[in-house]
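Read through the structure below, which is laid out as structure tokens, and then see the notes.
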Amino acid sequence: MAQDPLSIPTTVLPESTFDPVQFAKERRQEVLTEQKDRRERYNKAWESVGTPAGMNRNVQQELIARRNQILEEGANKSAEGIDITDISHPKYGRDAMEFRSSLDQLNMDISKTEAIDKLLGEARNMIAKDDKGIIDVNATNANIAKIRSAKNLNEIDQFLSSKGDSVIELKPKQFDMDQYIVDYMKDKGIKGMNVSSETPKGNFLITEQYNQIPPEELQSAFMGMLQNPDFRNKVKEMRANDATDLRGGSDLEYLMERKGNRLARQQTGLKREWIKPDKSDKPEEKKYTFSNEPVETLIGKYKAVGRNVVTFKQQKPMKVTAGESIVDIESGLNKPISTAITFTPINTAEYYVLNKNKAGAQAGTILTDTDISRGTRFKPEDYEAKRFVEGTYPIKKKVGDKTVDATKTVLVPYENIKNELDAEFKLAGDIPQTKNEIVRYTKEGKAAIFDATTKKFIRWAE
């Protein structure tokens, strides 16, 4: 049978492997897995959000309301298929970034409420442990109440910033006038001088020791103190409460009368000794001797000569306070004492010392007779006579692996311990006054004495 020319033959397609049912199942599983992962990431983000502390109910409610709002917005976007946890998503990254920023700020504010709550707790503990009563409890509790009643967290931040991030208020420190006077006198180096007096009373000898400050020096110190407003106000308060202040007068006069008399002559010691009936009227033997012979002292590597020597008969220790300048015999260095020492005087003599820096040597350096006689490095106007006291004090010294007791020999300026020496050895002004004399030697070795200031010849040395 012939084929119909208008007929179209059936097209045979290759067999397809696509299974729409299976595809739908797999796609559904992918969507469910993606939703599950997104939900887990979302829940994990919320697990990091804490609960605001209850230090302020207004703030607590505000933060809880913000938390619920962020939670609701996040849930709505998640329902719309937006992954608000994936900040790298090309389409929803901005939404995720805003969500993360809101969550971070909420966490910071919640942490801040915990820190403030801890701060208030520490303040209450400090009040409970304040045995000395230095905390102003009413003012501190007022600060705590201010924080607990604030309208929002920003108001608390501003308040704490104005208080230096502390709610503790201290009571005003009372101005201690007596301590201020003591500190001022010490700072200005006003020490006065040690004085000793003996007064017979019946069969007893009363020995009084006291520290005496010249009235004019004390008056000058009070004038300086009155420049301090706190001190000046304390004086006015003192006078207002002093029923005996009837004569009027200036604050300076009042201070000299009320405080100055005690400071000008401050007792440091009192001794009462029984006088035996058979006590001899012979004058007490002096505890020192004079010598026309000079004393040679090895300072460092050089030998210095001391003149007008007074030697102490008794080896009697005495206290020398810190700050006095000494010359270390071993090193020749002039330096202050760092602490008080127990000083035992041996003798006192006059040495020639530089009165200015010259030829590589510092002012105060003790010169040798060789320096003086040569007259090349140092001229008469460069040095002057100054009296020193030679003595020893105990030290600890390293010998091998052991530390042993030893003594150090030093020179202390006589003027620095004059009062102590007078009280201990009763020198009574017997120390000859230092004369500014210098020695020149002739070619024959004969010593000529000249006045260091006028350069005039005085005498030949004996």
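A few notes on this one:
- Those residues of region 271-300 which are more than 30 Å from LEU411 (Cα to Cα) and modelled with pLDDT of 70 or more, in sequence order: LYS271, ARG272, GLU273, TRP274, ILE275
- Selection count where residues are out of contact with any helix residue (DSSP H, G or I) (no Cβ under 9 Å at 6 or more places or on another chain) and surrounded by 13 or more Cβ atoms within 10 Å (Cβ to Cβ), scope region 311-320: 2
- Of the strands (runs of 3 or more DSSP E) contained entirely in region 314-403, those carrying at least 1 residues that are without any contact (Cβ under 8 Å) to a residue 60 or more places away in the chain fall at 334-336, 341-354, 383-399.
- Cβ-Cβ contacts under 7 Å between residues 6 or more apart (or on different chains), taken from a first residue in region 247-258 that is over 12 Å from PRO215 (Cβ atoms) to a second residue that is of a type in the set (D, E, K, R) and part of a loop (DSSP other than H, G, I, E, B), are listed as TYR254/ASP245.
- Scanning region 116-156 for residues that are under 33 Å from the mean Cα position of the chain (by Cα) and not hydrophobic (A, V, I, L, M, F, W, C) yields a total of 15.
- Scan of region 399-415 for residues that are in contact with a strand residue (DSSP E or B) (Cβ under 8 Å, 6 or more places away or on another chain), surrounded by fewer than 17 Cβ atoms within 10 Å (Cβ to Cβ) and of a type outside the set (Ser, Thr, Tyr), ordered by number: VAL404, ASP405, ALA406, LYS408, GLU415
- Any hit, region 130-137, residues being in a helix (DSSP H, G or I) and in contact with a Lys or Arg (Cβ under 8 Å, 6 or more places away or on another chain): no
- Of all residues in region 95-106, those that are among the polar types (S, T, N, Q) and surrounded by fewer than 14 Cβ atoms within 10 Å (Cβ to Cβ) total 2.
- Any hit, region 353-362, residues being at pLDDT below 85, in the same structural domain as PHE425 (by TED's automatic domain parsing) and under 33 Å from the mean Cα position of the chain (by Cα): yes
- Checked against (1) surrounded by 15 or more Cβ atoms within 10 Å (Cβ to Cβ); (2) polar (S, T, N, Q); (3) farther than 10 Å from MET55 by Cα, THR113 passes all but a single condition, namely (3).
- Top-ranked residue of region 173-204 - restricted to ones that are within 22 Å of the chain's Cα centre (by Cα) and polar (S, T, N, Q), ranked as nearest to PHE425 (Cα to Cα): GLN179
- Residues of region 257-270 that turn out to be more than 16 Å from GLN179 (Cα to Cα), surrounded by 11 or more Cβ atoms within 10 Å (Cβ to Cβ) and modelled with pLDDT under 75, as a count: 5
The values are calculated or read from the model by the stated rules, or taken from the named source; none is laboratory data. Since this is a predicted model, take the numbers as computed values, not measurements. Every residue, glycine as well, gets a Cβ built from its backbone with ideal geometry; the counts of neighbours run over all protein chains shown.
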